[in-house]
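Q: My questions all concern the structure below.
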Amino acid sequence: MNGKNLFLAGLIGGVAIAALSNIPIIRIGNCLLCMWVWVGGIFAAWLYKRFQGSLTPGQGAGVGALAGVIAGLIGIVIGLLGFAGTQAALSAASQYLGPEVTGGVDVASLAGPLAIVGGFFNLILFTIFGTLGGLIAGSIFNSKPEAVPAYTPPPAPAYVPPPAPAYVPPVAPITEPVVSMVEETLPEQISDVTPVEEILSEQIPDVTPVEEILPEFTPEEPAIPPADPDQPAV
């Protein structure tokens, strides 16, 4: 509840109640169960909705009660300001009625207490009926809270299964011994190999042996000179 808007609406409604309740002839409407107080409480609650934008029955009752209190306080002030006129009116009534009726009591002296008691009595009545008027206005102008949209969860992503692994057929177990298979396979492969002599004889032409190319050569022994008899032996 906004305090500023509450006070402003209650103040305007209270002034309206006090004005309607103190204007001659118009004030007679309060004889119908304080009609102007009801109207002022409803008016204050309507103003609060205009200021605030929303209104509940509890807020309407609060602003209506505030308007009634302000109207009652204004009534007390008006009653005290009119104390002189009230005292003069009671004094004239006392003289008209005579001491036989008044019992010798100075009715004019009762003007002050009557003004205070009447003011506080009006304050209580204005508060009660202002609260009822605001409560009625809150029920009439009740602002329903905006409906919150229901939460809709986002759609779950489509399940994509992982690709299935490629099928690899199992390898057939080897039933024959490996050694026997090698022994059977090697002779067939070796038999198809051309001997080296045949390959060389095809690639190298006929070569004349070295003995035929070079003449016979017999190395000669070197000549040893005869020893000198005069030369000392080593």
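Q: Give the peptides 114-127, 57-70 in descending order of average Cβ contacts within 10 Å, highest first.
A: Result, highest mean first: 57-70, 114-127.
Q: Within segment 48-73, what residues put their amide N at less than 18 Å from the label point 7 Å along the Cα-to-Cβ vector of Ile128?
A: Label zone hits: 61-62, 64-73.
Read the figures in this text as sums done on the coordinates, not as results from a lab. Note that the structure is a prediction, hence the values are computed from the model and not measured. All Cβ positions, glycine included, derive from the backbone under ideal geometry; neighbour counts span all protein chains shown.
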